[in-house]
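The values are calculated or read from the model by the stated rules, or taken from the named source; none is laboratory data. Predicted model only: the values in this text are computed from it and were never measured. Neighbour counts are summed over all protein chains in view; Cβ atoms, including those assigned to glycine, are modelled from backbone coordinates with ideal geometry.
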Amino acid sequence: MPLYAGFDLGGTQLKYGLLDERLHPVFKNKAPTPPTMTGLLDLFGRLWEEMRRSERRTIKAVGFGIPGIFNLKEQKIYQSPNYSDLDGFDLRPAIAHHIKAPFWIDNDANIAAYGEYRCGAGKGVRHLLLLTLGTGVGSGIIIEGELLHGSCGYAAEMGHIVVNPDGERCNCGSRGCLETEAAAGPIVRNYRKLAPTGDSLTAEEVAKRANKGDSAARKSFERAGYYLGIGLGIAINLLNPEKILIGGGVMESSALILPHAVAEAGRRSYKASFACCSIVKASLGNDAGFMGAAAFARDRL
Ligand SMILES: [Zn+2]
């Protein structure tokens, strides 16, 4: 039975692994993300050779999940917020130089959504949205069983829909995006506004305080959940998804945020559409990326 390789490039870690024909993982590992493009390309080549040598079975195709806005037509990263060396870089020929097998490249959040669709909580769900709430908000959309790319490949940027017109400035140039209102940073920001403190804080720490009964901490999650719910309501009205999966670090504290988000989505969306959508936690965690990349390569081959 042949194998398929997947690479998921993050700001600090490159996760990679192999799936078999049934999309079961047979190997996974991670490596620190090199700071330079040359280092990254060499690492792709070296890991590919290692996997090829250690496996008796043929690795038939490779998928890459790359952070940033990926132009499908030109096969170039238009802009990568956390890996600026990738901006405008002609990735396809550079990878082809190191890896002699068919390969596909896509945006990392799209690829993670594909992973959940083929291997995780979205298995068999043909209309699906994945949102990941971490440092930022990533998203990928499956419609009729296919990734939604839009005309250039830039679709599914749910993190940058505006949920609070008077909200904080966002890196994208807009204001009050889902990413500036419902990610880890905004939860900490909400808390500091309600309970000013000199302590260095993370969303995880705010969650701990919330679970101990700190009402400012609970409200910080509730506020983020409110804006998340507005975003979910927009997605439900626009896409009529069967499932919305939510993953990322913030969902470690899902009990603090998700009920508020679901309630708000219910108030903000068309009743019939809300009724046929379940909003649940994603299931693959950090493995969604490499599994999605490998599954995508298998399905495309
Ligand atoms: Zn934005």
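Of all residues in segment 1-19, exactly one satisfies the criterion of being more than 23 Å from the chain's Cα centre (by Cα) and not hydrophobic (A, V, I, L, M, F, W, C), namely PRO2.
Residues in segment 237-244 include at least one that is part of a helix (DSSP H, G or I) and of a type in the set (A, V, I, L, M).
Can you tell me which residue within segment 6-16, out of those that are assigned to a loop (DSSP other than H, G, I, E, B) and exposed (fewer than 15 other Cβ atoms within 10 Å of the Cβ), is modelled with the lowest pLDDT? Only one residue tops the list, namely GLY11. Those strands (runs of 3 or more DSSP E) of segment 17-107 in which 2 or more residues are surrounded by fewer than 20 Cβ atoms within 10 Å (Cβ to Cβ) occupy 25-32, 59-66, 69-71, 76-79.
The residue pairs whose first member lies in segment 211-236 and is over 14 Å from PRO259 (Cβ atoms), whose second member is of a type in the set (Gly, Ala, Ser) and not in a helix (DSSP H, G or I), and whose beta carbons are closer than 6 Å, counting only pairs six or more residues apart or on different chains, are ALA216/ALA195; GLY233/SER269; ILE236/SER269. Of the candidates ALA261, ALA235, ALA255, the single residue that is farther than 20 Å from VAL163 by Cβ and of a type in the set (A, V, I, L, M, F, W, C) is ALA255. Apart from one condition, SER283 fits all of (1) more than 16 Å from the chain's Cα centre (by Cα); (2) surrounded by fewer than 22 Cβ atoms within 10 Å (Cβ to Cβ); the exception is (1). Within segment 134-163, the residues that satisfy the criterion of being more than 14 Å from the ligand (Cβ to nearest atom) and in a strand (DSSP E or B) are GLY140, ILE141, ILE142, ILE143, GLU146, LEU147.
Residues that are in contact (Cβ under 8 Å) with a residue 60 or more places away in the chain and on the phi > 0 side of the Ramachandran plot within segment 138-181 comprise just one, GLY153. With the structure loaded, tell me whether GLY17 is closer than 24 Å to GLY150 by Cβ, touching a residue at least 40 places away in the same chain (Cβ under 8 Å) and among the small types (Gly, Ala, Ser) or whether it fails that test. Against the criterion (closer than 24 Å to GLY150 by Cβ, touching a residue at least 40 places away in the same chain (Cβ under 8 Å) and among the small types (Gly, Ala, Ser)), GLY17 does not qualify. Within segment 206-215, if we keep just the residues that are surrounded by 15 or more Cβ atoms within 10 Å (Cβ to Cβ) and in a helix (DSSP H, G or I), the residue that is farthest from the ligand (Cβ to nearest atom) turns out to be ARG209. Out of all the residues in segment 164-193, which are within 11 Å of the ligand (Cβ to nearest atom), buried (at least 23 other Cβ atoms within 10 Å of the Cβ) and not in a loop (DSSP other than H, G, I, E, B)? Across segment 164-193, the qualifying residues are CYS177, LEU178, GLU179, THR180, GLU181.
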